Each structure stands twice: as C-alpha cells, then as structure tokens.
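Where a number appears in this text, it was derived from the coordinates with a stated rule and is not lab data. Every value quoted in this text rests on a predicted model; they were computed, and no experiment measured them. Note that each Cβ is placed from the backbone with ideal geometry, even for glycine, and that neighbours are counted across all protein chains shown.
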Amino acid sequence: MTQRTWGILPTALRQQIWQREWQNRRRLRALLSGERAKWPISYPLKPPTSAQALTDIVHFRQFQQQWHAFPLVEGVSVDWETRQYQHQTAQRVPCRVHIHTIQALLSVLGEAAIKQSQHWDAVMSPLLALDSGLYAVLIQKLELVDELTLADSQRLAHVLPQLQAGLGHGAYLRALPIQGADSKFIETHQVLLSALLDHVHDGAISASGGLLAWLDCQAPPKDWLWLRPLCSQTQAALAGLPLLRLAADTLLHYPLPAARVLVVENTQTGYALPNLPDTIAVFGGGRNVSWLAAPWLREKQLGYWGDLDTWGLQILSEARRHQPQVCALAMDQATWQQHQAYLVVEPNPCLELPELLTAEEAALFRQMLEAPLGRLEQERLHVEYVRGVLWGWVGV
C-alpha cells in the first residue's frame, strides 16, 4: 500500500512537531534560550491536488473536518485557502499551521510537554533566584536538569555559593567542608556544578582545568594495579604484605624495592606466578601502561608478559615507548607455534602494525592477522613452559 503524502491531520502534525522540536534537544535548547529567535514555527499541511482528493475522498473530508474542529489557542494560527476541485464545488482547505510562541508550542504538544516544562521551571527556580544569568547554562544542560528533583535543586542553590577556589586544600572531593549536603552530592552533580560555577566565576573553572583543580582537590584513585612480591626479600621490603592494590599513578612517584619488575597484563595470571628472586610483579592493568613512564624504572630489569595477540603486541610496543629496555616474555614465534592447539579467534584485532616491535615480533603480528585462529591467551600457556621462560629471564 502506497503511503499517503498529503492531508496531514492534527494528530500526525503533533507527532511531527514532537519529534522535530521537542525530542531534538539541539533545536529545543535553541528555542528555550532564544537563540532561535525567528518565530513563528510553520508547518505545511499538504492539502491535496484534485487527483489526490478523488483517490481518497474519506480522508479528504477528515482533513477538512478535523482542522475545522482544531481548537485554536493564543499564538497558534492556521492558513486556509479556497481551491477548486474537480467534480466539486470550491473547497476551503487548511494549508499551513503557524506557532508563534513557546507557550503556544506547549499547548499544541499537550500534557506531556507541559508537565516537562513545568518540572524544568520548578527545579530551575532556586538557582535562578541566585543568579538569573544561570538560565542559559541550565538550558544547555537540559538533560541534567531533567533528572533533578526539587530537593536536588534547592541543595545545589545552597551549595553553589559555598564552593570557592582552593577550598579543598589538597583533600579529596568528599572531604570538602560543605554545609547542607552529603559528601556524595557534589560528586554526583559535578558536571552541572562545574558549568554553573564557570558562569558565576567568569570561566575560572575551565581555565583551571576543571572543578577538581579549581577547588584544589585530589582526583579519586583510578586504574588500580595489583602488586605481588615474588620472594621473601621483596615481601619483607613491602612490610611483609603478600599482595596489595594501589592506583597506577602511585607508581609514578614511589619506586618498588626490587631489582626486577615483571608486568603482567591479566589479573588471574598474576596470581599464578612462580617465586622469582628480587622480583615484584605488577599485574591487572590491561592496556594501561602509562605508569611505566616512571623515571625510577630505568634502573630496573623490566619484563612484560601479555596475551599473545595483536593487542598484546600493541601494549608491548606502548610499554617500550615508556621504557625501551622492556623484555617481552612468552610473546614470540616459538611460544605461538608450540601452543597452536590453544589458539582462538581474536574478535577485533589491532590492524595497524605497532611501531616498537622487533622484526620477529612484527612478522608474528602479520601472521596473527592472516591466521583464522591467531590469539593465544596467557592462561592457555603450560605452567612449566611459563616457569621456564621466567626463570630464564631472571637467570636461574
């Protein structure tokens, strides 16, 4: 059945306007902020030609009747024309609807849009009482405003004046001395608060590099790594702890008390490492090897063992970018060949040849891309094989 392209009824027009003006947040923000100042918004109703009207006379009558009955409110107008149709007397037909104001738009869209607009007005009110200039910021962050409750907005209005440059004095965000809000509140509404404060303080938050920097607060730890001493000597140097976890950034500033550092891609593999003299294993970081930029690592014997696949070799290359002396362990042609029975498909391989591979590693990378089964996961390697590789690395 051919889709009808003429005679838009009020219900269909309302759906069209909802999608075009209300669901499209870019256009809606422009309307609410006044950036789109060209009113009215006009929509053609596509009255039929004589031939079209004759093909579906019932729809033609509905088109006329429903627009005759359409309740016009202030700010909404409909253009009508008198047209001569074949085999009929002259007919008055609606041609175009004009919406002149935002209130008229709400009336056309109906209850859902009206309620949403009322919610925005309510939650914006406490903040606009502080500074009417915040309206433009709130409109740009409309998705966040949509999620606020009135209680949230009132707390934001209470907290906003308390936030000042340097308030954190180097503490974490949840330690800020704020009255009238729980310790998680600022963290939860950090994006919106940053935008509001940027307006209040003339762009100082953006200029400082973000809210945390402006407040002089520490960023919460992230990119956690596991540390495991692999001999009694290194365990004693780590206060006797057999296993500990810390943020990756910590290792940029605190050298590990071992002559050797063994970096292992996956967590479970790190738990299964054998004892190795004067060695500490750092594992579970996956692709995050940025901490290898630590200057103190230049004095260490540094090994890297990851999955033997294209991304594993990419991570190896990135590790060498930070520390050229990195030695790849169990990531060579011999290992790949001896474990053919354990190869699997690599779902989304790295297609670009990493820069800092040896000639043999680069050849293996290309071979992996061409092979139907090219990936060898760390966990698939025989235990005795891994021990032999690691003991050979430390010279046992």
Read through the labelled values [x] 26.3; [y] 20.3; [z] 27.6 and report the label of the one computed as Kirkwood radius over Cα pairs in Å from the structure.
-> [z]
Only bridges with both residues in the chain count here: give the DSSP antiparallel percent, nearest 5.
-> 65
At 7 Å along the Cα-to-beta-carbon direction for both Gln3 and Gln268, put a label point, then send me their distance in nm to one decimal.
-> 4.9
Would you kindly derive the ³J(HN,Hα) couplings of the stretch 184-201 from the backbone phi angles with the Karplus curve 6.51 cos²θ - 1.76 cosθ + 1.60 (θ = phi - 60°), listing them in order in whole Hz, with x for Gly and Pro?
-> 8, 4, 5, 4, 5, 10, 4, 5, 5, 4, 4, 5, 5, 5, 4, 5, 4, 10
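Given only helices, namely DSSP H runs of n ≥ 4 each adding -39500 (n - 2.57), what is the per-residue ellipticity at 222 nm of the chain, to the nearest 500 deg cm²/dmol? Could you put the intermediate results ahead of the total?
Details: 19 runs with 165 residues, N = 396.
Result for the chain, helices only: -11500 deg cm²/dmol.
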Work through the residues other than Pro255 whose Cβ is under 11 Å from its Cβ and net out their charges, Lys, Arg +1 and Asp, Glu -1.
-> +1
For the stretch 10-109, the Kirkwood Rh over every pair of distinct alpha carbons, in Å, works out to 14.8
Can you tell me the dipole magnitude for the chain around its Cα centre, using point charges on the Cβ only (Lys, Arg +1; Asp, Glu -1), in Debye to the nearest 20?
-> 1180
Leaving out same-chain residues fewer than 8 places away, which lysines sit with a Cα under 19 Å from that of Lys184?
-> Lys222
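Calculate, in nm to one decimal, what Ser132 and Glu111 gain on full extension: separation in residues at 0.36 nm each, minus their alpha carbon distance.
Details: separation 21, 0.36 × 21 = 7.56 nm, distance 2.70 nm.
That pair, Ser132 and Glu111, stretches by 4.9 nm at full extension.
Mind giving me the FRET efficiency for Arg27 and His382? R0 is 35 Å, r the Cβ-Cβ distance, nearest 0.05 is fine. Could you put the intermediate results ahead of the total?
Working: r = 61 Å, r/R0 = 1.75.
Result of the calculation: an efficiency of 0.05.
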In terms of Cα to Cα distance under 17 Å, which aspartates and glutamates are near enough to Lys38, apart from those fewer than 8 places away along the same chain?
-> Glu21
Under 5 Å from the placed amide H of Cys95, counting only residues 5+ away or on other chains, we find Asp79, Trp80, Glu81
Whole-Hz couplings from phi, Karplus 6.51/-1.76/1.60, listed for the stretch 145-151; x for Gly and Pro = 4, 4, 8, 6, 9, 4, 5
Positive-pole candidate from Pro242, Leu373, Leu262, dipole of the chain, charges at beta carbon | Leu373
Using the Karplus curve 6.51 cos²θ - 1.76 cosθ + 1.60 with θ = phi - 60°, work out ³J(HN,Hα) for each residue of the stretch 103-112 in order, rounded to whole Hz, and write x for Gly and Pro.
-> 5, 5, 4, 4, 4, 5, 6, x, 4, 4
Net lengthening on full extension, Ala247/Gln154 (0.36 nm per residue, minus Cα-Cα) | 29.9 nm
For Glu187 and Gln62 in the same chain, what is the full-extension length gain: residue separation times 0.36 nm, less their Cα-Cα distance, in nm?
-> 39.5 nm
So what is the relative contact order for the stretch 10-109, in percent, with contacts set as C-alpha pairs under 8 Å and at least six apart?
-> 33
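Once you have a ≥ b ≥ c as the square roots of the Cα gyration tensor eigenvalues for the stretch 320-369, tell me rounded if a/c is under 1.5, and otherwise prolate or oblate according to whether a/b is larger than b/c. Mind dumping the intermediate values first?
Working: a/c = 2.08, a/b = 1.38, b/c = 1.51.
Because a/c hits 1.5 or more and a/b fails to exceed b/c, the stretch 320-369 counts as oblate.
Could you give the size of the charge dipole of the stretch 256-396 about its Cα centre, using +1 on the Cβ of each K and R and -1 on the Cβ of each D and E, expressed in debye and rounded to the nearest 20? Intermediate values should be presented prior to the final figure.
Values: 10 positive and 16 negative charges, 73 e Å.
Approximately 360 debye in magnitude.
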Student exercise, the stretch 117-258 dipole from Lys, Arg, Asp, Glu Cβ charges, in Debye to nearest 20 = 660
Residues of the stretch 220-239 with amide N under 11 Å of the 7 Å Cα→Cβ point at Ser290 | 222-223
Sticking with the crude label model, points 7 Å out along Cα→Cβ, report the distance from Asp223 to Arg366 in nm, one decimal please.
-> 3.2
With unit charges on the beta carbon (Lys/Arg positive, Asp/Glu negative), name the residue among Trp18, Ala157, Gln314 whose Cα is farthest towards the positive pole of the charge dipole of the chain.
-> Trp18
